[in-house]
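*Asks:* Have a look at this one before I ask anything.
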Amino acid sequence: QLQLVESGGGLVQAGGSLRLSCAASGSIRSINDMGWYRQAPGKQRELVARITSGGSTNYADSGKGRFTISRDNAKNTVYLQMNNLKPEDTAVYYCNADITPRPYYYTRNYWGQGTQVTVSS
């Protein structure tokens, strides 16, 4: 069963840092883009950052200069380093990836179960 498993969320004070991890497991042929999204209570899910298999990145304006996305292709893992966190960063953070599963050749989009990040003021 192919799945994305996030870790690293928690409670942190404003100005603090957290590092989220998301590992893809299962029978995987290849992984294309990977990314992080978040959803705050009463709001729509929004992009935080994405990274291509080659390492190109893009960020939402809210995280530019504070968040860094990276990946380890050998471990099928994507990370999100979040610094100088603000109360408005409080949300459930979801991992997302475009994965080609074995033995197939088509790409599907997968979501993790989410990890809570709470930033206190």
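The values are calculated or read from the model by the stated rules, or taken from the named source; none is laboratory data. Everything quoted here is computed from the prediction, not taken from an experiment. All Cβ positions, glycine included, derive from the backbone under ideal geometry; neighbour counts span all protein chains shown. Please note that ligands, DNA and RNA were not included when accessible areas were found on the heavy atoms of the full protein model with its side chains. Shrake-Rupley method; radii C 1.70, N 1.55, O 1.52, S 1.80 Å.
Conditions tested, residue by residue: (1) loosely packed, with under 15 Cβ neighbours inside 10 Å; (2) more than 28 Å from TYR106 (Cβ to Cβ).
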site: SER21; (1), (2): no, no
site: SER27; (1), (2): yes, no
site: ASN32; (1), (2): yes, no
site: PRO41; (1), (2): yes, yes
site: GLN44; (1), (2): yes, no
site: TYR59; (1), (2): no, yes
site: GLY63; (1), (2): no, yes
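*Asks:* Here is a further query. Among the residues of segment 83-99, count how many are open to solvent by less than 10 Å² (accessible area, probe 1.4 Å) and either in a strand (DSSP E or B) or closer than 16 Å to GLY26 by Cβ (or both).
*Replies:* Matching residues across segment 83-99 total 6.
*Asks:* Let me ask something else. What number of residues in segment 1-23 are in a strand (DSSP E or B) and closer than 15 Å to GLY114 by Cβ?
*Replies:* First, the residues of segment 1-23 that are in a strand (DSSP E or B): 3-7, 10-13, 18-23.
If we keep only those that are closer than 15 Å to GLY114 by Cβ too, we end up with 3-7, 10, 18, 20-23.
The number of residues fulfilling the criteria is 11.
*Asks:* Regarding LEU11, is this residue in contact (Cβ under 8 Å) with a residue 12 or more places away in the chain and surrounded by 13 or more Cβ atoms within 10 Å (Cβ to Cβ)?
*Replies:* On the way: in contact (Cβ under 8 Å) with a residue 12 or more places away in the chain: yes; surrounded by 13 or more Cβ atoms within 10 Å (Cβ to Cβ): no.
Criteria not met by LEU11.
*Asks:* From the list TYR104, TYR110, which one is part of a loop (DSSP other than H, G, I, E, B), in contact (Cβ under 8 Å) with a residue 24 or more places away in the chain and among the aromatic types (Phe, Trp, Tyr)?
*Replies:* TYR104
*Asks:* Here's another thing I want to ask about it. What number of residues within segment 65-77 are surrounded by fewer than 19 Cβ atoms within 10 Å (Cβ to Cβ) and either of a type outside the set (A, V, I, L, M) or in contact with a strand residue (DSSP E or B) (Cβ under 8 Å, 6 or more places away or on another chain) (or both)?
*Replies:* 7
*Asks:* From (1) open to solvent by 60 Å² or more (accessible area, probe 1.4 Å); (2) more than 18 Å from LEU2 (Cα to Cα); (3) not aromatic (Phe, Trp, Tyr); (4) not in a loop (DSSP other than H, G, I, E, B), pick out the condition that doesn't hold for LEU80.
*Replies:* (1)
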